[in-house]
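Below is one structure; the comments refer to it alone.
The values are calculated or read from the model by the stated rules, or taken from the named source; none is laboratory data. These numbers were taken from a predicted model, which means no experiment stands behind them. In this analysis, Cβ positions are derived from the backbone assuming ideal geometry, glycine residues included, and neighbour counts consider all displayed protein chains.
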Amino acid sequence: MQDFVTIQMPGASQQEQPASPPVAKPSVKGIEVTPRALDKIRSGMAKEGISPEEGGLRIGVLGGGCSGLSYSIRFDTRPRERDRVYEFDGVRIFVDPKSFVYLHGMTLDYEQTLLKQGFNFINPNSTRSCGCGSSFS
């Protein structure tokens, strides 16, 4: 369901406009994660039995897919030696150095509508993406 914000303009009637997804923390770290995505990551980690103190969500980029590169996302029990580890309200995100080049500046969101359900990579580094949304260049 789309969230709406009511905007009151001086001397005008109220208008409802779609709210942009709220961001958990500023992008000083290189990536952002919305509260919706954080909630879904927490529940997924609990179902998988992964400890938030040691494990986290691994996001990355792999060669292949319709547009040349594809996103990778999975739970991991611990970070690797050269990973960048980001923490957002107790949720850890692991990104390997090669993937960071492509993911720097992106926002991870979670979308649940009648037509689509899943994580959504909002990536300013992507110049082209395929119809399924999991592949880009």
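Things worth noting here:
- The stretch 73-97: number of residues that are under 18 Å from L108 (Cα atoms) and surrounded by 14 or more Cβ atoms within 10 Å (Cβ to Cβ): 13
- Enumeration of residues in the stretch 23-44 that are part of a helix (DSSP H, G or I) and either modelled with pLDDT of 95 or more or buried (at least 19 other Cβ atoms within 10 Å of the Cβ) (or both): P35, R36, A37, L38, D39, K40, I41, R42, S43, G44
- Matching residues, the stretch 68-91, being without any contact (Cβ under 8 Å) to a residue 60 or more places away in the chain and part of a strand (DSSP E or B): S72, I73, R74, F75, D76, R84, V85, Y86, E87, V91
- Checking each residue of the stretch 45-67 against the condition of being assigned to a helix (DSSP H, G or I) and either aromatic (F, W, Y) or without any contact (Cβ under 8 Å) to a residue 12 or more places away in the chain (or both) gives at least one match.
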